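The values are calculated or read from the model by the stated rules, or taken from the named source; none is laboratory data. Only a predicted model underlies this, so the values are computations on that prediction, with no experimental measurement involved. No Cβ is skipped: glycine too gets one built from the backbone with ideal geometry, and neighbour counts run over all protein chains shown. Ligands, DNA and RNA are excluded from the accessible area calculation, which covers all protein heavy atoms including side chains. Shrake-Rupley method; radii C 1.70, N 1.55, O 1.52, S 1.80 Å.
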Amino acid sequence: MHHDDEQLINLIIDLQERGFNHDFVIENEHIRCLQYNELISPDDFEILETYHCKSSRKNNDCSLVYAIRLMNHDMKGILMSDYRVYIKGMSLRLWSKFNSVIRLNLSVTK
């Protein structure tokens, strides 16, 4: 197993051990909880943590891992994405939410 893959797996295990046990995907204007097949508006969740994980694949993609908490429910989970999602298929409203967190994290790490 490649070192970058190990880091991603260990990150996911750590988040799950801390209660982030639901899976989310980006779906145009919303995110979807896969366990409940429920759409969640950008106003109804917050991004608690963001991680950038380099891929071991040849094209050197970078995965983004978000630790998410729903505002009106006692539910936390993980959303994984790559940078291509920002190019197509995401609404401006949802993009703004994720982009503000990415920019904040980049300014903190400088």
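The set of residues from region 27-42 being open to solvent by 40 Å² or more (accessible area, probe 1.4 Å) and either touching a residue at least 60 places away in the same chain (Cβ under 8 Å) or among the β-branched types (Val, Ile, Thr) (or both) comprises Asn28, Glu29, His30.
Results for (1) over 16 Å from His73 (Cα atoms); (2) among the polar types (S, T, N, Q), shown as yes or no for each residue.
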residue	(1), (2)
Ile13	yes, no
Asn21	no, yes
Glu29	yes, no
Cys33	no, no
Leu39	no, no
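Restricting attention to region 1-26, and to residues there that are surrounded by 13 or more Cβ atoms within 10 Å (Cβ to Cβ) and acidic (Asp, Glu), which single residue is nearest to Ser96 (Cα to Cα)? Result: Asp23. When region 13-38 is filtered for residues that are modelled with pLDDT under 95 and of a type in the set (A, V, I, L, M, F, W, C), the ones remaining, listed by number, are Val25, Ile26, Ile31. Are any of the residues in region 71-79 at pLDDT 85 or above, open to solvent by 20 Å² or more (accessible area, probe 1.4 Å), touching a helix residue (DSSP H, G or I) at 6+ places or on another chain (Cβ under 9 Å) and of a type in the set (Val, Ile, Thr)? Looking through region 71-79, none of the residues is at pLDDT 85 or above, open to solvent by 20 Å² or more (accessible area, probe 1.4 Å), touching a helix residue (DSSP H, G or I) at 6+ places or on another chain (Cβ under 9 Å) and of a type in the set (Val, Ile, Thr).
Looking only at region 50-64, decide whether some residue is assigned to a helix (DSSP H, G or I), at pLDDT 90 or above and closer than 29 Å to Leu92 by Cβ. Checked region 50-64: no residue is assigned to a helix (DSSP H, G or I), at pLDDT 90 or above and closer than 29 Å to Leu92 by Cβ.
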